[in-house]
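*Asks:* Please see the structure below; I have some questions.
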Amino acid sequence: MGKEILLAACLFVVMIFKKVHSCTEDELVLVQMISRHGEISPIKLYPEDPNPAEVWKEGLEDLTLKGKFQAYALGCYLRARYDGFITSDPNEVDVISGSKEYCVKSAQSFITALYAPDSNWEIVQQFPWQPMFIQYGNATTEKCLSNPSCPAADEETRRIFSDEKEMLESYEGLIQFWQENSGRNFEGLEDIETLYNTLRTE
């Protein structure tokens, strides 16, 4: 791509390009779309969680039905938005995804809508789907979508965690409440973040 793109591992990237020899200032020649994955089920439950794993029919840490719809609906919207520029030709698009399963499924749901085939690319008549290649888990995608090393971010993380003990002590009462009601012991900020992510997802 020429320029490095540093993104979280939960993203997927779609690049649509047209081969042109010349263009005017107001002519569209390239579209780059960057999107986060759709809604997912919790990554991890806590001991006193009232919602057992069986509640999530997809299983833990997977794209939910709503998440699939979110990605598909986004593809429909952008298909309409770029009508006249996007065709059904799979050769005009590159799809790059993070290697997490819910990222790949999000990209699949998205591109199914964005590149629904016309009569030139139909496999089965009146069946709006065609296979699309999604890059993930290789050197190119890991460079773009993995968590890169950032000295400034690493230093800030060390600074925050250097005050971790003092911070936990200042919220001792609240942490005790969380521990009693979740059934989980908190030894550090990462444990609190894990509980927060579960509650937010639920």
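*Asks:* Select from the range 83-128 the residues that are among the acidic types (Asp, Glu) and surrounded by fewer than 13 Cβ atoms within 10 Å (Cβ to Cβ) and list them in ascending order. If you could, list the steps in order and put the result at the bottom.
*Replies:* Restricting attention to the range 83-128, the residues satisfying the condition of being among the acidic types (Asp, Glu) are 83, 89, 92, 94, 101, 118, 122.
Once the filter is applied, which keeps residues that are among the acidic types (Asp, Glu) and surrounded by fewer than 13 Cβ atoms within 10 Å (Cβ to Cβ), the range 83-128 yields Asp83, Asp118.
*Asks:* Okay, moving on. Within the bounds of the range 40-51, is there any residue that is at pLDDT 95 or above and in contact with a strand residue (DSSP E or B) (Cβ under 7 Å, 6 or more places away or on another chain)?
*Replies:* Yes, there is a match, as at least one residue in the range 40-51 is at pLDDT 95 or above and in contact with a strand residue (DSSP E or B) (Cβ under 7 Å, 6 or more places away or on another chain).
*Asks:* Restricting attention to the range 52-68, report how many residues are surrounded by 14 or more Cβ atoms within 10 Å (Cβ to Cβ) and either in contact (Cβ under 8 Å) with a residue 60 or more places away in the chain or not in a loop (DSSP other than H, G, I, E, B) (or both).
*Replies:* Within the range 52-68, the first condition is being surrounded by 14 or more Cβ atoms within 10 Å (Cβ to Cβ), and the residues that meet it are 56, 58, 60-64, 67-68.
After this cut, where a residue has to be either in contact (Cβ under 8 Å) with a residue 60 or more places away in the chain or not in a loop (DSSP other than H, G, I, E, B) (or both) as well, the list is 63, 67-68.
Residues meeting the conditions: 3.
*Asks:* Suppose we filter the range 133-174 for residues that are under 30 Å from the mean Cα position of the chain (by Cα) and at negative phi; how many remain?
*Replies:* 29
*Asks:* Exactly one of these conditions fails for Ala139: (1) loosely packed, with under 13 Cβ neighbours inside 10 Å; (2) farther than 24 Å from Ile34 by Cβ; (3) of a type outside the set (Val, Ile, Thr). Give me its number.
*Replies:* Status for Ala139: all satisfied but (2).
The values are calculated or read from the model by the stated rules, or taken from the named source; none is laboratory data. Computed from a predicted model, the values in this text were never measured in an experiment. Backbone-built Cβ (ideal geometry, glycine too); neighbour counts: all protein chains shown.
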